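One structure is given here, and the rest of the page talks about it.
The values are calculated or read from the model by the stated rules, or taken from the named source; none is laboratory data. For clarity, every value in this text was computed on a predicted model and none was experimentally measured. Cβ coordinates were reconstructed from backbone atoms using ideal geometry, including for glycine residues, and neighbour counts include every protein chain displayed. When the accessible area is computed, the model is the full protein with side chains, heavy atoms only, and any ligands, DNA or RNA have been set aside. Shrake-Rupley method; radii C 1.70, N 1.55, O 1.52, S 1.80 Å.
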Amino acid sequence: MILVRNRKATDRLPEVALAFLVLALAGCNGGTVDKHALQRDAENVTSLASEGGLLADDVSRGRSTKYFVRVHAKELSRKASNLEDALAERPTTPGITSDVRKLSKLAGKVSRELERLHLHPTDRGVAVSLKKPLSDDADAADKLAK
């Protein structure tokens with residue numbers, strides 16, 4: 001990068017904005033998982049599984065369109081997958097490592113279940129088969145949040 005003297009502050013705005021963006025993105029899902037972060041992440045998994053269960057219930061009753069289910073299930077699955085990856089790799093405070101890794105596996109399970117719904121957005125049988133597992137996953141994540 002060539003430095004030019006006598007540049008105006010406004011000329012550097014794109015560089016400064018990029019630097020802030022990089023720092024902000026680096027902070028996402030980063031750092032050590034402490035008890036508070038575990039609770040927050042478990043609440044997120046609970047929410048994703050619960051929302052997935054509601055979506056599966058709608059599909060089982062024929063109350064959602066194929067396109068809505070396909071897009072919404074994929075987005076929920078992606079969020080759960082991101083949590084799985086982050087929780088599998090982040091360092092933890094002493095004493096909670098086991099719970100963090102359990103939550104990671106649970107988030108992965110939720111992600112896979114939601115991916116099935118994404119792939120079969122009109123299949124009532126698939127939707128019925130996912131309602132109980134997603135409900136159980138929400139309950140399990142809720143227990144890890146406490």
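A few remarks follow.
- Scattering curve values for the range 44-135, log₁₀ I(q)/I(0), Debye with Cα scatterers, q = 0.13, 0.19, 0.24 Å⁻¹: -0.41, -0.75, -1.06
- Under 30 Å from the Cα of residue 74 - lysines, other chains or at least 8 residues apart: 35, 66, 102, 105, 109, 131, 132, 143, 146
- Think of a 1.4 Å ball rolled over the protein heavy atoms: the range 38-105 then has 53 Å² of accessible area per residue.
- Distance between the modelled labels on residue 75 and residue 123, one decimal in nanometres: 2.4 nm (7 Å Cα→Cβ projection).
- Using a Förster distance of 25 Å, the FRET efficiency for residue 146-residue 90 (Cβ separation, nearest 0.05): 0.75
- Local net charge near residue 146, Cβ-Cβ under 14 Å (Lys/Arg +1, Asp/Glu -1): -1
- With every protein chain in place, the range 29-146: carbon and sulfur % of accessible area (1.4 Å): 52
- Extension gain, residue 63 back to residue 36 (0.36 nm per residue minus Cα-Cα distance, nm): 6.0 nm
- Subtracting the Cα-Cα distance of residue 132 and residue 112 from their residue separation scaled by 0.36 nm leaves 5.8 nm.
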